[in-house]
Amino acid sequence: YFIIDDMDRVIDDDMKTLLFQVVRECVELHHCVTLFMIDYNELVNENMSKEFLEKYINYQYQLCDVSYQEIVSDYLKVYLKDEFFSKSCKYMRKNQQEIRKHVLTIGNDVVKWISKEIDDLEKNLQGEKKERCTWLKETRKKLNTSLKNPRKVKRYLKNIENMLSVANTVWFQKENFETNEYSQEPWEKYITKISFLKAFLNEEYEAMIAAGD
């Protein structure tokens, strides 16, 4: 079996032409099966057309779309489990359901907030509002793709676990921790939001860090 992935990420037309030759060679190999995992719309050009692929590739299966919540729900069987919280202090264990709930909904909440912001800005598009609206639309488009990327979701959940472990060790082990300023804030939401930025909007996150914000 040959598995060919990421062909749809190639943007150079000359390289797409080379891929066109690779596909022809692969499908003519005897006693071999070649699996192409592609996004049609990203791959096609004058040589690599849908018609060409349909001609040379024997069977085609279109994967159904998957939502952010479906991916997170599945990964919550591995991350942020009861066993993880059982090693934490009682205070953090008390908040574990709230943390899971926020992790599950934040993706859709952010996209909804961006869409509402775009709608409000489009009522009066002038000057900086127009520039901000364009940026928000690009951000929404990027999020709609990255929120469905299982690798990014795994990175996101792992980072939440790491930050919770640090908070548990460094902060919640202190005497009278419940009276300090961190405990008085919605710390579980802050941790989730920071992890969300790092995983899905990394460029914006790095810009905020560089600005000292």
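The table that follows gives values for the structure above.
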| quantity | calculated |
| --- | --- |
| Sole exception among (1) touching a residue at least 24 places away in the same chain (Cβ under 8 Å); (2) of a type outside the set (D, E, K, R); (3) under 30 Å from GLU25 (Cβ atoms) for TYR59, by number | (1) |
| Candidate set: segment 45-80, residues that are within 24 Å of the chain's Cα centre (by Cα) and among the β-branched types (Val, Ile, Thr); chosen: the one least open to solvent (accessible area, probe 1.4 Å) | VAL72 |
| Verdict on THR192 being over 13 Å from the mean Cα position of the chain (by Cα), open to solvent by less than 60 Å² (accessible area, probe 1.4 Å) and within 19 Å of SER67 (Cα to Cα) | yes |
| Members of segment 79-125 that are of a type in the set (A, V, I, L, M) and out of contact with any Leu (no Cβ under 8 Å at 6 or more places or on another chain) | ILE106, LEU125 |
| Residue ID - nearest to LEU104 (Cα to Cα), chosen from residues in segment 158-185 that are touching a Cys at 6+ places or on another chain (Cβ under 9 Å) and not in a helix (DSSP H, G or I) | PHE172 |
| Among the residues listed as ARG155, ARG151, the single one being more than 19 Å from ASP109 (Cβ to Cβ), touching a residue at least 12 places away in the same chain (Cβ under 8 Å) and open to solvent by 80 Å² or more (accessible area, probe 1.4 Å) | ARG155 |
| Single condition ALA167 does not satisfy, out of (1) without any contact (Cβ under 8 Å) to a residue 60 or more places away in the chain; (2) over 29 Å from LEU63 (Cβ atoms) | (1) |
| Selected residue [in a helix (DSSP H, G or I), acidic (Asp, Glu) and at pLDDT 90 or above] from GLU206, GLU188 | GLU206 |
| Close pairs (7 angstrom Cβ cut-off, 6 or more residues apart or separate chains): more than 15 Å from VAL111 (Cβ to Cβ) and modelled with pLDDT of 90 or more in segment 126-139, open to solvent by less than 100 Å² (accessible area, probe 1.4 Å) and in a loop (DSSP other than H, G, I, E, B) anywhere | CYS133/LEU125 |
| Selection count where residues are open to solvent by less than 30 Å² (accessible area, probe 1.4 Å) and assigned to a helix (DSSP H, G or I), scope segment 81-95 | 2 |
| In segment 17-42, the residues that are open to solvent by less than 50 Å² (accessible area, probe 1.4 Å) and either of a type in the set (D, E, K, R) or within 27 Å of ARG155 (Cα to Cα) (or both) | PHE36 |
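One line per residue, one yes/no per condition, for (1) over 17 Å from SER88 (Cα atoms); (2) of a type in the set (S, T, N, Q):
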{"site": "LYS112", "(1), (2)": "yes, no"}
{"site": "SER115", "(1), (2)": "yes, yes"}
{"site": "ASP120", "(1), (2)": "yes, no"}
{"site": "LYS130", "(1), (2)": "yes, no"}
{"site": "LYS158", "(1), (2)": "no, no"}
{"site": "LEU164", "(1), (2)": "no, no"}
{"site": "VAL170", "(1), (2)": "no, no"}
{"site": "SER195", "(1), (2)": "yes, yes"}
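The values are calculated or read from the model by the stated rules, or taken from the named source; none is laboratory data. The structure presented is a predicted model; accordingly, all values stated were derived computationally and were not measured. A quick note on method: Cβ atoms are made from the backbone with ideal geometry, for glycine too, and the neighbour counts reach across all protein chains shown. Ligands, DNA and RNA are excluded from the accessible area calculation, which covers all protein heavy atoms including side chains. Shrake-Rupley method; radii C 1.70, N 1.55, O 1.52, S 1.80 Å.
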